[in-house]
Amino acid sequence: MNTRTHRVLSWDFPLPRTHTGVVLGNGRQGAMVWGENRLCLTVSRAGFWDRRGGVPFDHRATFEEVRALLEAGDETGVRRIFAEPQMPGNPPRPYQLGGGRFELEFGSGVRPRRATLALRRGVLTVEMERTDGSFFPLRIRQSMSDELLWLEWEAALSSLSRVHFLPAYEFVRQTLEAWGVQPPELHQTAEGGLMVQRFPADEALAIAWKIMPGRMVIATALGSEPAESARARLSGADLQQEERRSDRWWRVYWNDVPSVRLPDAVLQRAWLYGLYRQAGLTTPGGVAATLQGPWMEEYQIPPWSNDYHFNINVQMIYTPCLASNRPTHLQPLWDLLQSWFPRLKECGERFFGRSGAMMLPHAVNDRCHVVGSFWTGTIDHACTGWMALMAWQHYQYTHDSAVLREVAWPLLNGAFHGYAAMLEEVEENGRKRWSLPVSVSPEYRGAGMNAWGRDASFQLACLHAVIEALERAAPLLGERRDPFWREVADRLPPYSTVLTADGGRRIALWEGTDLEESHRHHSHLASLYPFATVDPFDPAHHEVVAASLRHWVWTGAGAWTGWCVPWAAILCARCHLADAAVNWLHWGLRLFTNEGGGPLHNADFPGGSVIDNGALRTPDFRRPPHFREIMQMDAAMGFLSAVMELLVQSRRDGIHVLPSIPKGWREFAFDGIRTEGAFLVGATVERGVPVSIRVKSLAGGHLVLWHSLGSRWRVRGGVEEEGAVFRATMDPGEAMELIAIR
């Protein structure tokens, strides 16, 4: 069955705020198209940093000194160690700034009414309505290889009566003035304009535009003298050639990514829009994606500096690139991390006192300068471990030996050596085991002096996964297996537990600390996902996992944020709770997206999460007129991962296809989901039952497929077979189809 679909998505105006807009992006230049009585374009450029306020990642103490302060309860000492020095007049932390807003008017009363996005070509068409009820189309297109964006309409049908550009500076002038940032140079006429925004010590941003009959072209540039670059883009732009190039780019992209036809219109739309946004967020050759990527608002300084958060957010953004068969999208991230390796090693060895250790803090800018002084995040060593595991996963999905040797292997070793330096032997029930005496579970209890403990389950799972990856990677590279890896793995618990009321046990945050309340980080369950070090159906763990899931549900979602909802859905999918997974995805899309489908950190309305839009703090419980809307891309990309985890899962014992089918999902199909081993997998379901499974090997190798076809099945053209597992050795490029026999 051909499941490939390329649909047109549509939006009805008004789209009243910047982040309700339809996005266009190419990994560097971002735009959001929105408006009410006029058409607005918010344009920004990824990597536009004012880096003052951050300091090079460094440590003025060692792990042993930090441990001693924590065990002594010396809060002043801890905060002194992790405090970042502030220079008078500088911003408190590095930050990125948006570019500005274009307001376009096509005559009195003309306004945008509907937008349609042709996914196959990445073309956005806005229907502009006149006062007599007639329409004319305005087409918006972006180059996928250069910082160019253009609008086209039939000059005979209408003409621009006014274009007004508002720099981001004008919206946050008071704050930027206090930080010593000068107003932008701005020149605009009826034929076009130029804005140059400079920072005191970093690259400047230029936005240039040109207006002609039936066309407007916008260019951006970043550098020491960006105005000439932006002007050159405008004067040298061959838009027909750019359009052909972009058409080719999008054609390849949609041919590569999985084709999924879901029996659920809401999830189908979110899936398609998510794939489209992945293209513009993680574009090969672009800037490594931050929390918002290239889509920065003009009306405020982007929250959390639009930085790199390595305690889950970067991982959520990039994880679906592998299963969606676009591994090249990870290259900007690997390039960035590799540029930091010397610093990560220097700081890791100094902090841990162990040769080879690496240390990656949880929040940094593009030069690995620490953003803020959140001490628990800085010592969260799973930031290093998780990125190492993502690089290892990249190899598993692609067999790319360069990524294995140059990225995964250094990070895996660096993560292990950091953990090894923290380990100590303790005696438990008359036996000695390894323990992590000082460990954290991301953001649990914030940065309080009680926000740490022994053997955090998150860290234990990460360390087990790092060791397993090292043991598998070493022979592939001709490296020696370190016997200490196995010794640690054999004598390190998989997680910490607490007693339940019925005398059983469930997974704890760390030794002696239960999940006491609703919390956005499901980190204590990381042994189920993302690290997958525990099989939830293993008799040795099943009762503990079940009790943990019940308690997790009991504490509820009242303090969740947008990005943690797809994580919850994946946890459910991994435990064959498909209906719960679908329920969470619907709930998340309803609560944590705005009118235009923009993914939000805070809930869009109150009543679902206490982390909301602030309405319950107003006299009439209505949304404040100038509330702080926080858009982040981690939730949207996490949604892609969650959908693919419902369909196909790469596990230790093989590839599982449709391990559990949601009720009501009667007729659906998919193709092209990439798995470990570099296989592309597809399936067809009819009347709620899988009828065929399709597999193509990209690199050759041994396939272990848990197929869900029932007791009787055959490989197309072959004889009838039985069993829940299909095993085969496949050649590169070989394809097979398994068909159920009913």
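The values are calculated or read from the model by the stated rules, or taken from the named source; none is laboratory data. Given the structure is predicted, the values throughout are model-derived calculations rather than measurements. Backbone-built Cβ (ideal geometry, glycine too); neighbour counts: all protein chains shown.
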message = Please verify whether Arg687 is surrounded by fewer than 21 Cβ atoms within 10 Å (Cβ to Cβ), more than 29 Å from the chain's Cα centre (by Cα), at pLDDT 95 or above and not assigned by TED's automatic domain parsing to the domain that holds Val643, treating the condition exactly as stated.
response = yes
query = Has segment 510-524 got at least one residue that is outside any loop (DSSP other than H, G, I, E, B) and more than 24 Å from Arg651 (Cα to Cα)?
reply = yes
Cross-chain or 6+ apart pairs with Cβ under 7 Å, segment 535-550 first and farther than 17 Å from Leu509 by Cβ and assigned to a helix (DSSP H, G or I), then at pLDDT 95 or above and not small (Gly, Ala, Ser) = His542/Pro536
query = When you look at Arg666, is it touching a residue at least 24 places away in the same chain (Cβ under 8 Å) and touching a strand residue (DSSP E or B) at 6+ places or on another chain (Cβ under 8 Å), yes or no?
reply = yes
request  = Would you please name the residue that is nearest to the chain's Cα centre (by Cα), looking only at residues in segment 605-646 that are of a type in the set (Asp, Glu) and surrounded by fewer than 24 Cβ atoms within 10 Å (Cβ to Cβ)?
outcome  = Glu629
query = Residues of segment 551-580 being in contact with a strand residue (DSSP E or B) (Cβ under 8 Å, 6 or more places away or on another chain) and either of a type in the set (Lys, Arg) or part of a helix (DSSP H, G or I) (or both), which ones?
reply = His551, Ala573, Arg574
remark   = Of the listed residues (Ile570, Ile611), the one being out of contact with any Asp or Glu (no Cβ under 6 Å at 6 or more places or on another chain) and closer than 26 Å to Trp295 by Cβ is Ile611
request  = Would you please name the residue that is modelled with the lowest pLDDT, looking only at residues in segment 308-343 that are of a type in the set (D, E, K, R) and closer than 21 Å to His369 by Cβ?
outcome  = Arg343
ask   = Looking only at segment 627-677, which residues are β-branched (Val, Ile, Thr) and in a strand (DSSP E or B)?
value = Val648, Ile655, Val657, Ile673, Thr675
inquiry  = Out of everything in segment 61-110 that is assigned to a loop (DSSP other than H, G, I, E, B) and touching a helix residue (DSSP H, G or I) at 6+ places or on another chain (Cβ under 7 Å), what residue ends up being modelled with the lowest pLDDT?
reply    = Ala61
inquiry  = For segment 89-100, check the following and say yes or no: at least one residue is in the same structural domain as Cys40 (by TED's automatic domain parsing), surrounded by fewer than 16 Cβ atoms within 10 Å (Cβ to Cβ) and within 30 Å of Thr189 (Cα to Cα).
reply    = no
task = For Pro493, indicate whether it is in contact (Cβ under 8 Å) with a residue 24 or more places away in the chain, surrounded by fewer than 23 Cβ atoms within 10 Å (Cβ to Cβ) and not in a strand (DSSP E or B).
result = yes
ask   = Taking the condition surrounded by fewer than 23 Cβ atoms within 10 Å (Cβ to Cβ), over 24 Å from the mean Cα position of the chain (by Cα) and under 30 Å from Pro91 (Cα atoms), does Ala420 pass?
value = no
ask   = If we scan segment 1-13, do we find a residue that is assigned to a loop (DSSP other than H, G, I, E, B), surrounded by 15 or more Cβ atoms within 10 Å (Cβ to Cβ) and at pLDDT 95 or above?
value = yes
message = surrounded by fewer than 22 Cβ atoms within 10 Å (Cβ to Cβ), of a type in the set (D, E, K, R) and not in a loop (DSSP other than H, G, I, E, B): is that true of Arg367 in this structure?
response = no
request  = Scan Ala489, Ala473, Ala547 and give me the residue that is in the same structural domain as Asn429 (by TED's automatic domain parsing), within 23 Å of Ser660 (Cα to Cα) and either modelled with pLDDT of 95 or more or in contact with a Lys or Arg (Cβ under 7 Å, 6 or more places away or on another chain) (or both).
outcome  = Ala547
remark   = When segment 338-364 is checked residue by residue, the ones that are in contact with a strand residue (DSSP E or B) (Cβ under 9 Å, 6 or more places away or on another chain) and surrounded by fewer than 20 Cβ atoms within 10 Å (Cβ to Cβ) are Trp340, Arg343
key: Scan of segment 553-583 for residues that are without any contact (Cβ under 8 Å) to a residue 40 or more places away in the chain and more than 16 Å from Ile611 (Cβ to Cβ), ordered by number   = Val553, Trp554, Cys572, Ala580, Asn583
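For every residue, the table says whether it meets (1) crowded, with 18+ Cβ neighbours inside 10 Å; (2) touching a Ser or Thr at 6+ places or on another chain (Cβ under 7 Å); (3) free of Cβ contacts under 8 Å to residues at least 40 places away in the same chain.
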residue	(1), (2), (3)
Thr189	no, no, yes
Met195	yes, no, no
Ala201	no, no, no
Ile207	yes, yes, no
Ala221	yes, yes, no
Ala232	no, no, yes
Asp238	no, no, yes
